[in-house]
1. I need the shape label for segment 280-395. Rule: rounded when a/c is under 1.5, else prolate if a/b > b/c, else oblate, with a, b, c from the alpha carbon gyration tensor.
2. Once Lys and Arg get +1 and Asp and Glu get -1 on their Cβ, which of Gly452, Leu409, Ile437 lies farthest toward the positive end of the dipole of segment 387-454?
3. Could you state the angle between the C-alpha long axis of helix 707-720 and the longest principal axis of the C-alpha atoms of the chain, as a value from 0 to 90 degrees rounded to the nearest 10?
4. Compute the accessible area per residue over segment 465-618, keeping the other protein chains in place, probe 1.4 Å, unit Å².
5. Going Cα to Cα from Lys159, which lysines come in below 21 Å? Please leave out same-chain ones fewer than 8 positions away.
6. Evaluate E = 1/(1 + (r/R0)^6) for Asn494 and Asp307, where r is the Cβ-Cβ distance and R0 equals 56 Å; express this FRET efficiency to the nearest 0.05.
7. Would you tally the net charge around Ala386, using a Cβ to Cβ cut-off of less than 14 Å, leaving Ala386 out, and scoring K and R as +1, D and E as -1?
8. Which of the aspartates and glutamates could a cross-linker bridge to Lys454, judged by Cα under 16 Å and excluding same-chain residues fewer than eight apart?
Amino acid sequence: MALTHNLGFPRIGAKRELKFALESYWKGESSLDELKSAGAALRQRHWQAQAGLDLVPVGDFSFYDQVLDMSFTLGNLPERVQGFHGDALDNTFRVARGRSAESHAACCGGVAAGEMTKWFDTNYHYIVPEFTAATEFRLDASRLLAQLAEARAQGVRAKPVIVGPVTYLAIGKAKDGSNRLDLLQRLLPVYAELLETLAAQGVEWVQIDEPILVTELDADWQHAFNTAYHHLKSSRVKLLLATYFGQLAENQYLAANLPVAGLHVDAINGRDDVLPLIGLLPSHKVLSLGVINGRNIWKTDLAAVLDWLEPLAERLGDRLWIAPSCSLLHVPVDLSSEHKLDPELKSWLAFALQKLGELEVLAAALREGRGAVADALAANQADLAARRSSPRVHNPKVQAAVARIDAHLGMRESSYAKRAPKQAERLQLPAYPTTTIGSFPQTAEIRQARAGFKAGRLDAAAYKAAMQAEIARAVREQEALGLDVLVHGEAERNDMVEYFGEQLDGYAFSQFGWVQSYGSRCVKPPILFGDISRPHPMTVEWITYAQSLTAKPMKGMLTGPVTILNWSFVRDDQPRSASCKQLALATREEVLDLEKAGVRVIQIDEAALREGLPLRRAQWKEYLDWAVESFRITANGVRDETQIHTHMCYSEFNDIIESIAGMDADVITIETSRSDMELLDAFENFQYPNEIGPGVYDIHSPNIPTQAHIVQLMRKAAERIPAERLWVNPDCGLKTRQWAEVIPALTNMVAAARALRAAV
Ligand code: GLN
Ligand code: ZN
């Protein structure tokens, strides 16, 4: 009874072995064979680590992206990469990363990279499947069969994992505006053939991922589920339909009645689904409950899970399976690699391997009674009890400050209309003022100095001198360029979240807590484990130094509370909104200290505000309300004369414009250069009342924008937003660019602003 399984394992490797193997191959420093054997070694190690499970995922490994792999399996590749003669893996990289025309003129020619987007509400990015009305599918099961054979040879109890047909269509994009649901009839025979191929290999269970079921579905998408799974029902394999990342809610009935052998649900985020589902589920079906959080790094409260699970196990008997809530792709691999984490904090955490260990304890308790794992359960209880009462987690002063938050705290003294003239008077800016978003190129010297400081090769004084030299350089360059509002350049920051996390109490950092973001790219989210407070000012010294070098206004530069939250692993013992408000109070103190130090303009970046939106629209308002309130608490304690900027580097504002306006920043800078200013429509239609800096320089591209192009973009902007409320700036920070690109680009930008002013 209570069979155990896993939905997917992180493939990047405990020490990011896959990243290094990929990058060395891409640089031409190792062979394809070496890369492939690095992949095989990781698979083997990961299967061994999962050997205690009853069913182990196969096909979850990918050299780049599991959705792209599925596109290859289904023979759905963009036309521009078809007819490629090399190795299939090279073609995978070609689709994923693109290739420049110059370097491949003689062979395959240039290829545009596939579009990338976030996998549901995670920080993992997949390559978006491309469709047209003419798309045809053709099975290529080679990758899956090879991995299956490899797993079998190692004695793995293999459960192949694939992305399901409805989710596959739903997360793709029709390039010609056609209805991608029209492709379902063409797609299903290929899925049927794939399942038949697996059946012929003696596969019993296949995990077919349909996370789109946790979102709100139109009638035609609901219908597509019925069509799809009725088509596949004659297959000889048993299908475990896997949903995760949220609640099925109104899709419960649909999910329960699809003709498949089993259903997996996320019993962390969708626990409320479980009891109704048990009532709805036909009595022959397996119900797999995702009882270990696959999205976070905290130990599970095993006794609490058992209290809930034991009666269900009683009812379901052999029909109950247990698993993590989703693929473990979203958590780091192994906590035992962490040697610098404080032991107390470490005793509260679980990474992928530890989570599988927890699953085995739960299974043993269900099979043999809690007594059989009494020691493990007791140790788990002791760790959790220590966490619950730890003074490192709970800071009464912070809690009292949060309790004192009232509506007044997030309000500016006066409305924008009243404060704008006071700011104009103080700042004396020209029409179409120019500024940048914060960072300047992170040169090799900067990175060396930072690494040297971290490693103890550079003492604090030498490090400070090195950073001040960089700041001085950035100020000099900006003065020479003739920019109006300057920045210090963020040389001292490795990362816009980590930099603040390191200085706040309540945060910790792992050494190897890497999570794949896309391809070989990983992020190491800081761990927000306790009540947040700011023991000392974080940025004031750097900003005041920068201001001392120039008479022009120097922007104070902060990351906002919502972005810090959304890019961290966040404690699970209180609502996210509570942690966000604590971050807001801490950053508010920084804002007020900057103001006290004479800083006239303060920018609070909220790059990740939009990506925190819940999967279901019905839950958006609640999130946006506390997110906006948190920003307001951070920003709005300043006097009328102090100008607050915010920055967001994305391009969809239509559906959140009211909340953006609710933040009440004096100036918002956004990413627009690639959308030809069309996204300003949202601001125009809403009659957005404050100032806007629509980006006119695509910082993701090495291309230098011309003065004429920038003027043209700003003219388009001025058709939508009154010119007196427009700023001229790049799309985002410049840290990934080189000075040799930045100087000519900003020269053109400043010249464009001057031309626009002359025409006013
Ligand atoms: N101030 C940050 C920078 O310029 C903003 C980065 C971002 O929005 N992602 O680097
Ligand atoms: Zn940005």
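The values are calculated or read from the model by the stated rules, or taken from the named source; none is laboratory data. Everything quoted here is computed from the prediction, not taken from an experiment. With ideal geometry, Cβ positions are generated from the backbone for all residues, glycine too; neighbour counts draw on all protein chains shown. When the accessible area is computed, the model is the full protein with side chains, heavy atoms only, and any ligands, DNA or RNA have been set aside. Shrake-Rupley method; radii C 1.70, N 1.55, O 1.52, S 1.80 Å.
1. Details: a/c = 2.26, a/b = 1.68, b/c = 1.34.
Because a/c hits 1.5 or more and a/b exceeds b/c, segment 280-395 counts as prolate.
2. Gly452
3. 80 degrees
4. For segment 465-618, the per-residue accessible area is 29 Å².
5. Lys233, Lys238, Lys285, Lys355
6. E between Asn494 and Asp307, to the nearest 0.05, is 0.85.
7. Numbers: positive: Lys299, Lys346, Arg387, Arg388, Arg392; negative: Asp301, Asp342, Glu344, Asp383, Asp573.
Computed value for this residue: 0.
8. Glu445, Glu492, Asp495, Glu498, Glu502
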